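Only one structure is covered here, and it is reproduced in the block below.
The values are calculated or read from the model by the stated rules, or taken from the named source; none is laboratory data. If you're wondering where the values come from, they're calculated on a predicted model, not measured in any experiment. Cβ coordinates were reconstructed from backbone atoms using ideal geometry, including for glycine residues, and neighbour counts include every protein chain displayed. Side chains included, ligands, DNA and RNA excluded: accessible areas come from the protein's heavy atoms. Shrake-Rupley method; radii C 1.70, N 1.55, O 1.52, S 1.80 Å.
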Amino acid sequence: MPLIESEEQKALRSAVAALGKRHGREFDREALWSEAAKLGYLGVNLPEAYGGGGGGIAELSIVLEELGAAGCPLLMMVVSPAICGTVIARFGTEDQKRTWLPGLADGTRTMAFGITEPDAGSNSHRITTTARRDPDTGDWLLTGRKVFISGVDIADATLIVGRTEDARTGNLKPCLFIVPRDAAGFTRRQIDMELQAAEKQFELTLDDVRLPADALVGDEDAGLLQLFAGLNPERIMTAAFAIGMGRYALAQAITYARDRTVWKTPIGAHQAIAHPLAQAHIDLELARLMMQKAAHLYDAGDDVGAGEAANMAKYAAGEACVKAVDQAVHTLGGNGLTREFGLASLITAARVARIAPVSREMILNYVSHQTLGLPKSY
């Protein structure tokens, strides 16, 4: 695995950093999304044959990290090109690829992702959204509920995780369906969140939503493989989101510690200030290394290795982000809670990386069971 980014990746990082700097913390989401798309950044991971950049999750994570470091992260990058774009590119039919990938790449189309349910958070095996065939038409009928689904109001469709009955065993197995936003019986309710973000959260209700047979993505019998093909990029991109946020907070604290002078000495000269900031930087850099490893393994086609690394990267990045934000606020003191410096809102936002898309406790369960071979606790 390369430990040093290629010249192309370095150039991409530099160019995206410049874009983020132009837009800054007070960015207009639609304007930034549009410009990033025109520059080819949103679809950098998608196949060139369908309008993408031909890169991988490694390149897409660079884009999100650098935008986050500039104070203008685009959360829907985690969902639309990373999860949905990847799943369709790997498993979709030729018609699905032609229909969706060019738009996802150039930003003219957006797709949300619906997996979490009120009674099925970390335990995806308890998903109750079901899909059944209409024997007369061959259509699919979807019924169920989803919760904490990002950006449904701005998405053209939502990639919904449902379950179909295995005719041989009677067991339910996961499958993925493209549900257009205007599908009959598909309704949404915005969740009132304390967290302020450009992308809103929604609860979805599917009441016998009728879909054509070709709404199914991939093979009905390979749904679990296809699902995790999307969840690994989600974890990698969440790590990029967290690392970018942590870098932004740390940069504000470093600037303040250099400039703020008390008793004729910049506060950054004191080890009580300098050492925690240095530690935050080290933690973010270590998290980035694991994120790069996960992205490399995923792009190389090692889904199993990528699964382990992606979970570790997401855990490390979430912890590093929370600590960096906390130390940044503490460094600024009262100023850390003012709107001027833009750090107070990150106190809440940083915790998202610990909670979603999978909690740190479930990652520890995964590592202890899958990696260390300890008995399963659940």
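Data overview
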quantity: Pair list, Cβ < 7 Å and 6+ apart or interchain, from region 107-118 residues that are over 20 Å from GLY51 (Cβ atoms) and among the charged types (D, E, K, R) to residues that are open to solvent by 40 Å² or more (accessible area, probe 1.4 Å) and not in a strand (DSSP E or B); calculated: GLU117/THR128
quantity: Number of the exception - CYS321 against (1) open to solvent by less than 60 Å² (accessible area, probe 1.4 Å); (2) in a loop (DSSP other than H, G, I, E, B); calculated: (2)
quantity: Residues located in region 191-229, provided they are among the acidic types (Asp, Glu), open to solvent by 50 Å² or more (accessible area, probe 1.4 Å) and touching a residue at least 60 places away in the same chain (Cβ under 8 Å); calculated: GLU194, ASP207, ASP208, ASP214, ASP219
quantity: Scan of region 133-155 for residues that are more than 25 Å from PRO118 (Cβ to Cβ) and not basic (Lys, Arg), ordered by number; calculated: ASP134, PRO135, ASP136, THR137, GLY138, ASP139
quantity: Total residues in region 19-29, condition open to solvent by less than 90 Å² (accessible area, probe 1.4 Å), part of a helix (DSSP H, G or I) and not aliphatic (A, V, I, L, M); calculated: 3
quantity: Extreme residue, nearest to ILE83 (Cα to Cα), among residues of region 30-48 that are outside any loop (DSSP other than H, G, I, E, B) and open to solvent by 40 Å² or more (accessible area, probe 1.4 Å); calculated: GLU48
quantity: Which listed residue is out of contact with any His (no Cβ under 9 Å at 6 or more places or on another chain), under 17 Å from GLY244 (Cα atoms) and not hydroxyl-bearing (Ser, Thr, Tyr), from LEU46, LEU67, LEU42; calculated: LEU42
quantity: Condition check for ALA272: in a helix (DSSP H, G or I) and either within 30 Å of PHE27 (Cβ to Cβ) or open to solvent by less than 30 Å² (accessible area, probe 1.4 Å) (or both); calculated: no
quantity: Flag for LEU286 being part of a helix (DSSP H, G or I), modelled with pLDDT under 95 and open to solvent by 40 Å² or more (accessible area, probe 1.4 Å); calculated: no
quantity: Pick from region 9-54, criterion of a type in the set (D, E, K, R) and in contact (Cβ under 8 Å) with a residue 24 or more places away in the chain, ranking: nearest to ILE88 (Cα to Cα); calculated: LYS38
quantity: Whichever residue in region 361-372 is touching a residue at least 12 places away in the same chain (Cβ under 8 Å) and open to solvent by less than 70 Å² (accessible area, probe 1.4 Å) and, among such residues, is farthest from LYS200 (Cα to Cα); calculated: THR371
quantity: In region 238-257, residue nearest to the chain's Cα centre (by Cα) [restricted to those that are among the hydrophobic types (A, V, I, L, M, F, W, C) and open to solvent by 20 Å² or more (accessible area, probe 1.4 Å)]; calculated: PHE241
quantity: Failed criterion for ARG260 (all others in (1) in contact with a helix residue (DSSP H, G or I) (Cβ under 8 Å, 6 or more places away or on another chain); (2) open to solvent by less than 20 Å² (accessible area, probe 1.4 Å) hold); calculated: (2)
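Residue by residue, here is whether (1) more than 20 Å from ILE355 (Cα to Cα); (2) among the aliphatic types (A, V, I, L, M); (3) modelled with pLDDT of 95 or more holds:
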position: GLU59; (1), (2), (3): yes, no, yes
position: ALA69; (1), (2), (3): yes, yes, yes
position: ILE88; (1), (2), (3): yes, yes, yes
position: ARG98; (1), (2), (3): yes, no, yes
position: ALA105; (1), (2), (3): yes, yes, yes
position: ASN123; (1), (2), (3): no, no, no
